[in-house]
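Everything on this sheet refers to the single structure shown next.
The values are calculated or read from the model by the stated rules, or taken from the named source; none is laboratory data. Model, not experiment: these values are computed from the prediction. Ideal geometry is used to build each Cβ from the backbone, glycine not excepted, and the neighbour counts take in all protein chains shown.
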2 protein chains.
Amino acid sequence: MEHFIAHTFLVHPHPLECEAVADWLRKISYVELVGKGSSLDHLIQLPYLKDIDVIVLFAHQTENVAEKILKIRKLHPRLKFLLLAPSPSSESVREVVRSGVSGYIVFESELHEWELAFRAVSQGRVYYGQEVMLRLAESSVETFIPEPIPTTKDFLSKREVEILRLVANEYTTTRIASELCISDKTVESHRRNLFQKLGVKNSVGLTKIAVRMGVV
Amino acid sequence: MEHFIAHTFLVHPHPLECEAVADWLRKISYVELVGKGSSLDHLIQLPYLKDIDVIVLFAHQTENVAEKILKIRKLHPRLKFLLLAPSPSSESVREVVRSGVSGYIVFESELHEWELAFRAVSQGRVYYGQEVMLRLAESSVETFIPEPIPTTKDFLSKREVEILRLVANEYTTTRIASELCISDKTVESHRRNLFQKLGVKNSVGLTKIAVRMGVV
DNA sequence: TACAATATCGTGGAAAACCCTTAAAACAAG
DNA sequence: CTTGTTTTAAGGGTTTTCCACGATATTGTA
């Protein structure tokens with residue numbers, strides 16, 4: 001049982017593999033595949049673009065990908081991208097991440113990692129594979145921390161971020177309530193909504209995300 | 001009420017300030033000042049060196065400090081250093097941190113921050129002030145993550161680290177118990193010991209430390 | 001203005017976490 | 001072989017979290 005349905009669009013340059021992957025995606029309970037195409041260009045004139053949650057993008061070279069993503073994201077900032085690509089170079093990884101992809105893993109990733117990445121992305125979090133992280137680490141830290149966060153923050157309301165911060169600061173529900181002058185029950189509601197939106201099931205999960213988001 | 005007593009040695013190059021700071025330290029309930037000196041060199045031939053928990057080190061220039069610390073730590077790896085120093089340069093910060101100081105804050109830090117740093121260090125965690133972190137971020141990431149961790153891990157037993165990992169992975173007590181084939185009560189014991197050792201009061205706190213330690 | 005998202009507050013109940021105390025076996029180090 | 005730490009465990013509590021159902025007011029925006 002999943003708490004969410006991700007309306008997903010698949011981009012894969014090889015028709016056969018595109019089809020195969022599409023079928024495979026359709027079998028996943030929380031994925032609703034709304035379309036597929038061989039390149040990002042086909043995507044732009046789609047009428048139902050704004051109903052899409054996640055774009056799963058297979059790219060064999062990351063040359064112009066970053067700017068295309070940037071262009072699309074400018075029109076539809078809520079769109080999330082999960083990029084599957086070859087092991088990146090330190091130079092390319094930077095601009096790709098800055099373009100605002102929410103997830104970035106290499107082709108060689110295990111199914112398990114794919115799952116993790118997809119769930120993270122479709123729930124508004126970010127996920128970078130080990131190889132990507134390594135390259136990012138070689139590049140400057142400054143460009144790496146701030147960029148991917150906004151997606152997540154936009155996804156949460158102001159109040160929710162506030163609650164998230166306090167939860168991750170070891171405040172109890174009661175304490176948060178009195179701090180914000182609202183009812184315990186309201187705090188619980190927010191907390192529950194956070195669970196749902198972030199796809200975790202308790203405060204420990206929230207805390208890890210809060211750390212990753214940098215709200216603590 | 002504190003859960004710990006930190007046997008502390010103070011190093012300050014200026015006699016007057018050394019005396020003043022020493023007195024100030026003595027007033028703190030969980031500090032037991034076991035000695036003071038004007039330089040690290042005085043420290044090496046101390047007979048009771050291995051009964052010391054924390055060395056609070058005021059250093060106006062960080063030139064040779066790193067190697068001195070390294071030398072001392074080689075003989076007494078359990079010794080923790082809290083370094084008070086001027087705002088560091090990107091070059092110096094790296095080697096200082098690599099020398100294994102557990103805490104590093106600037107002279108200008110507020111009392112509040114001093115307290116945080118001291119508690120962290122004496123409990124085997126690490127604490128770097130904002131300024132230090134910034135400089136570290138400018139330097140490479142790789143050199144920054146791994147070094148300070150071992151102190152913390154030494155401080156925890158193997159089993160405790162294991163429990164910590166599972167807690168931070170959103171496992172419930174019952175789940176952990178069945179995973180490790182031990183009683184719920186045992187898991188609770190470990191969890192409580194972790195609270196005590198790490199100076200936090202719930203699993204959210206543990207989680208944050210686990211993330212910092214890199215066990216998740 | 002109507003619709004969606006957000007923020008608010010509730011009941012009731014089950015599960016998990018947390019607190020205090022005690023203590024025995026296993027083990028390493030001195 | 002004693003001493004300290006780790007790992008194990010239990011009884012008997014309180015508090016907090018989490019879940020499953022609501023419900024109403026506010027706000028922003030198409």
Inset, instruction - Identify all residues within region A:188-197 that are more than 8 Å from DNA strand D (Cβ to nearest atom) and either more than 14 Å from every other protein chain (Cβ to nearest Cβ) or in contact with a strand residue (DSSP E or B) (Cβ under 9 Å, 6 or more places away or on another chain) (or both); write none if there are none. - result: A:190, A:193, A:196, A:197
Inset, instruction - Find all pairs meeting these conditions: Cβ atoms under 6 angstrom apart; at least six residues apart or on different chains; first residue within region B:198-216 and at the interface with another protein chain (Cβ under 7 Å from one of its Cβ atoms) and of a type in the set (A, V, I, L, M, F, W, C); second residue surrounded by fewer than 18 Cβ atoms within 10 Å (Cβ to Cβ) and part of a helix (DSSP H, G or I). - result: B:211/A:211
Inset, instruction - Go through the residues of region A:196-203 one by one and say whether even a single one is assigned to a loop (DSSP other than H, G, I, E, B), of a type in the set (A, V, I, L, M) and within 18 Å of the chain's Cα centre (by Cα). - result: yes
Inset, instruction - Confirm whether residue B:202 is at pLDDT 90 or above, among the polar types (S, T, N, Q) and away from DNA strand D (no atom under 13 Å from the Cβ). - result: no
Legend entry - Members of region A:190-216 that are within 12 Å of DNA strand C (Cβ to nearest atom), surrounded by 17 or more Cβ atoms within 10 Å (Cβ to Cβ) and not basic (Lys, Arg): A:190, A:194, A:203, A:204, A:205, A:207
Legend entry - All positions within region B:165-175 that are free of Cβ contacts under 8 Å to residues at least 40 places away in the same chain and within 27 Å of the chain's Cα centre (by Cα): B:166, B:170
Legend entry - Residue within region B:179-189 that is within 11 Å of DNA strand C (Cβ to nearest atom), modelled with pLDDT of 95 or more, farther than 20 Å from residue B:124 by Cβ and buried (at least 18 other Cβ atoms within 10 Å of the Cβ) present: yes
Inset, instruction - Given the conditions (1) at pLDDT 80 or above; (2) surrounded by fewer than 17 Cβ atoms within 10 Å (Cβ to Cβ); (3) not acidic (Asp, Glu), report the number of the one that residue A:58 does not fulfil. - result: (2)
Inset, instruction - Give the number of residues within region A:156-175 that are among the basic types (Lys, Arg) and either buried (at least 16 other Cβ atoms within 10 Å of the Cβ) or within 14 Å of chain B (Cβ to nearest Cβ) (or both). - result: 2
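Please verify whether residue B:116 is surrounded by fewer than 21 Cβ atoms within 10 Å (Cβ to Cβ) and within 14 Å of residue B:8 (Cα to Cα), treating the condition exactly as stated.
Values: surrounded by fewer than 21 Cβ atoms within 10 Å (Cβ to Cβ): yes; within 14 Å of residue B:8 (Cα to Cα): no.
So residue B:116 does not fit the description; no.
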Inset, instruction - List every residue pair whose Cβ atoms lie under 7 Å apart, where the two residues are 6 or more positions apart in sequence or sit on different chains, the first residue falls within region A:176-187 and is within 14 Å of another protein chain (Cβ to nearest Cβ) and among the β-branched types (Val, Ile, Thr), and the second residue, located anywhere, is more than 10 Å from DNA strand D (Cβ to nearest atom) and part of a helix (DSSP H, G or I). - result: A:176/A:163
Inset, instruction - Would you point out the residue of region A:7-20, among those that are free of Cβ contacts under 8 Å to residues at least 60 places away in the same chain and surrounded by 19 or more Cβ atoms within 10 Å (Cβ to Cβ), that is farthest from residue A:82 (Cα to Cα)? - result: A:12
